[in-house]
Every structure is written in structure tokens, then in C-alpha cells.
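So the structure is just underneath, and the comments pick up after that.
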Amino acid sequence: MPNIKSAKKRVGIAERNRLRNITQRSSMKTAVKDVRELALAGKKEEALAKLPKAFSKIDKAVQKNIIKKNTGARLKSRLVKKIQDKAAA
């Protein structure tokens with residue numbers, strides 16, 4: 001436990017940020033999961049309809065440094081690829 005007043009404040013700030021990051025990451029993962037499940041079920045139109053929301057959540061997480069830039073790009077690429085692969089099959 002920190003002894004210095006400013007260090008004690010930082011502990012509280014870090015905890016607050018951690019909780020906020022968890023909610024952002026959770027909503028991003030849910031949006032990605034929804035699109036992925038629709039794609040696997042072969043519901044291309046519905047998956048494409050939910051894709052912009054998932055992209056928005058991913059971009060927001062990248063912007064807030066919750067996930068890395070390349071991770072966001074990889075997630076978006078894999079989502080689109082999964083939709084295309086299931087549509088072709």
C-alpha cells in the first residue's frame with residue numbers, strides 16, 4: 001500500500017480506469033460475438049447489419065488504448081472474412 005498521498009490517489013484512479021476499461025472491452029467482445037455467431041449461422045444480411053456497430057466498438061477500444069491498433073485491425077478483418085467465407089459456402 002502506498003504511503004505518499006499522490007500515490008494513494010493514483011491507486012484510486014487506476015482502479016476507476018480499470019473498471020471503465022472492463023466495461024468497454026466487454027461491450028466490444030459482445031458485439032464481435034454477435035456478428036460472429038450470425039456469420040456462423042449463415043445469416044449474412046443480419047451479420048452485415050450488425051457489423052458497423054462491432055466496428056465502432058472496436059475502433060472506440062483502439063482509440064482509448066484498451067486494445068492495440070493491430071489487434072483491432074485483425075478483429076475487423078477476421079469478422080469480414082468469416083462473413084464472406086460462410087456466404088460463399
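Please report, to one decimal in angstroms, the Kirkwood hydrodynamic radius of the chain built from all distinct Cα-Cα pairs. Don't jump to the answer; show the numbers that get you there.
Details: mean 1/r = 0.0687 Å⁻¹.
Averaging 1/r across every pair of different Cα atoms and inverting gives 14.6 Å.
Taking the Cα centre of the chain as reference, the dipole from Cβ charges on Lys and Arg (+1) and Asp and Glu (-1) amounts to some 520 debye. Put simply, when 48-57, 8-17 are sorted by average Cβ atoms within 10 angstrom per residue, most first, you get 48-57, 8-17.
Residues in the range 65-71 carry Karplus couplings, in order, of 6, 7, 10, 6, 4, 5, 5 Hz; the curve used is 6.51 cos²θ - 1.76 cosθ + 1.60 with θ = phi - 60°, and Gly or Pro positions show x.
Taking a threshold of 30 Å on the Cα-Cα distance, which of the pairs K9/K68; K33/K69; K5/K53; K9/K60 fall above it? Check vs 30 Å cut-off fails for K5/K53.
No lab work stands behind these numbers, since they all come straight from the coordinates. These numbers were taken from a predicted model, which means no experiment stands behind them. Note that we place each Cβ from the backbone using ideal geometry, even for glycine, and neighbour counts take in every protein chain shown.
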